[in-house]
Amino acid sequence: MKEDRKEILWVDDEIDLLQPHILFLEGKGCKITPVATGEDALNFVTKRPYDLVLLDEQMPGKDGLATLEEIKDVKPNLPVVMVTKSEEENIMNQAIGKKIDDYLTKPVNPSQVWLVVKKVLDSRKIRGSQMAADYIAEFNRLRGMLFGQMHWKDWMEAHRKLSEWELEVAAHPEVGLEATHFGQKKEFNVEFGKYVEKIYPRWVAGEETPPLSVNVVKNHLFPHLSRGKQLFFIVVDCMRLDQWLMVEPLISEYFNVQRDYYFSVLPTATPFSRNAIFAGVFPDDVARADAEAWNPGSKDDSSRNRHERQLLDAQIARLGLKLKGEPKYVKVLDQAEGDNLARKISNYSSVPLLSVVYNFIDMLAHGRSEDEILSELAHDEAAFRSVMQTWFLHSSLFELLKQIAKWDCVAVITTDHGSVLGTRAAIAYGKRDTSTSLRYKYGDNLNCDPKQSVLIKDPRRWRLPMFGLATTYIIAKEDYYFVYPTNFNEYQRAYKNSFQHGGISMEEMILPVATLTPK
């Protein structure tokens, strides 16, 4: 087995005086190459690999900053620790700007040097070991919750913790916790499906009700609008909590972020969940208010979200809000529309409420199942998060947020539903005119395995629209997706491992809503 010795290049014009430090580090298992000039350092760096450079800042000839710059040109990923007598802020700023990994201020003792070496070289390994211990403790705590009496607040906490751990586990694949975490998420979603099937009709009847889609505007927009605060309401279609956690640190550079949560109404699909947000009422009331789009003969679900602005205006009126000016609404369906909005955002400087819907993530989820390149880029949940983060970093949405961070305003960002990676096909039984969605269906006399889905025979108890006397709904649980018996194998292969929504899972139902105030 190869000995794990750390190769360190120590550069100092008084290197002979550092022999005790060198012996101490060698006693800790390091191999030290001592050199006295910047020129020698560059010569050694180009000829052999090192794990770390300890670099004196004040040297005759080529000084530490100049040497640092040339080292980074040759080996940009080689860690460098600056050792300096100077505590001048401009020196540190220059060193940090040139990407030093840490620094020490002279005089230093051997233990200080060893600690910074260990910090730079072993921090990931140490964090991974500590993460594994913390994860096991949290795993046991969450399992204890799961087999107790879970309240809706407990489900929110569990999903938050599981989503946070999702990012930690993915960041440390060497620890080998992916399978354990996947199993725990699956176990929670099994129980969550049972919980929702039992409790949801009571929620929509007003019993033990958690915050739902219908409460988002009242709970998160109303307090600011009633104080006359300018507000930006941004809905990112199909965004999961774990995806939000990837972009929240980027936003936190410009805003103070207060994160809350709510449950999406069912089905977790745009015509139902997003309309419920803008209207402030359940899907059955939305359908009655917009009878043309929701008539029994209409099968175009996308057309059922064409009146979001009017639904929001009506809700604002019901809440008794009198805004100083006309609210505006924008739907961003592509990059050009987003860029145009970001360029012209100053035109909305006096608008009391601007509502913006961004459809990118939803389009990515749908497009992934039809495009081989997208499927390869977002082949699993971790990759999907990474693609979403990359999009956001270069998006018109981020540009818009950076601009309004300079204004005296508030922004509220949320989503209408999440998505789940569908891995198991469930047979759905119904007529030809049944709706076509993969995670939920409505039509006459539908049926499916009750272990895989919820069968809703009386939509009125679930506050869902009726399209006829025999209207029923089936909503998939866990990671199932619906396939008809005819051509079962063909459609099973076509949709397996695609991101879908409309069903009952923590990823689809438990959603973030963040209030941003500029720093």
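The values are calculated or read from the model by the stated rules, or taken from the named source; none is laboratory data. This structure is a prediction, so every number in the text was calculated from the model and none was measured. Cβ: placed from backbone, ideal geometry, glycine included. Neighbour counts: every protein chain shown.
Of the residues in segment 334-360, how many are outside any helix (DSSP H, G or I) and in contact with a strand residue (DSSP E or B) (Cβ under 9 Å, 6 or more places away or on another chain)? Let's see the steps before the verdict.
Step one: filter segment 334-360 for residues outside any helix (DSSP H, G or I), giving 334, 344, 349-359.
Applying the additional criterion that residues be in contact with a strand residue (DSSP E or B) (Cβ under 9 Å, 6 or more places away or on another chain) yields 349-359.
Total satisfying the criteria: 11.
Each row is one residue, and each column tells you yes or no for (1) closer than 19 Å to Trp152 by Cβ; (2) surrounded by fewer than 16 Cβ atoms within 10 Å (Cβ to Cβ).
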site	(1), (2)
Tyr491	no, no
Phe499	no, no
Gly502	no, no
Glu508	yes, no
Thr515	no, no
Pro518	no, yes
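If you check Gly183, Gly280, Gly193, which single one turns out to be on the phi < 0 side of the Ramachandran plot and buried (at least 21 other Cβ atoms within 10 Å of the Cβ)?
Values: Gly183 fails: buried (at least 21 other Cβ atoms within 10 Å of the Cβ); Gly280 fails: on the phi < 0 side of the Ramachandran plot.
One residue alone meets the criteria, Gly193.
Residues in segment 147-158: is at least one over 24 Å from Pro211 (Cα atoms), buried (at least 18 other Cβ atoms within 10 Å of the Cβ) and more than 15 Å from the chain's Cα centre (by Cα)?
The first filter runs over segment 147-158 and keeps only residues over 24 Å from Pro211 (Cα atoms), leaving none.
Within segment 147-158 (the criterion being over 24 Å from Pro211 (Cα atoms), buried (at least 18 other Cβ atoms within 10 Å of the Cβ) and more than 15 Å from the chain's Cα centre (by Cα)), the answer is no, since none of the residues qualifies.
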Given the conditions (1) in contact with a helix residue (DSSP H, G or I) (Cβ under 8 Å, 6 or more places away or on another chain); (2) of a type outside the set (A, V, I, L, M); (3) free of Cβ contacts under 8 Å to residues at least 40 places away in the same chain, every one holds for Pro211 apart from (3)
Ser349 meets each of (1) surrounded by 13 or more Cβ atoms within 10 Å (Cβ to Cβ); (2) in contact (Cβ under 8 Å) with a residue 40 or more places away in the chain; (3) of a type in the set (Ser, Thr, Tyr) with one exception, condition (1)
Cross-chain or 6+ apart pairs with Cβ under 9 Å, segment 67-83 first and closer than 11 Å to Leu42 by Cβ, then among the acidic types (Asp, Glu)
Thr67/Glu39; Thr67/Asp56; Leu68/Glu57
How many of the residues in segment 472-515 are without any contact (Cβ under 8 Å) to a residue 60 or more places away in the chain and not in a helix (DSSP H, G or I)?
11
In the list Asp444, Asp449, Asp408, Asp433, which residue meets the criterion of being within 22 Å of Lys229 (Cβ to Cβ) and over 24 Å from the mean Cα position of the chain (by Cα)?
Asp408
Kindly indicate whether any position in segment 431-438 is in contact with a His (Cβ under 7 Å, 6 or more places away or on another chain) and either surrounded by fewer than 23 Cβ atoms within 10 Å (Cβ to Cβ) or not assigned by TED's automatic domain parsing to the domain that holds Ser252 (or both).
no
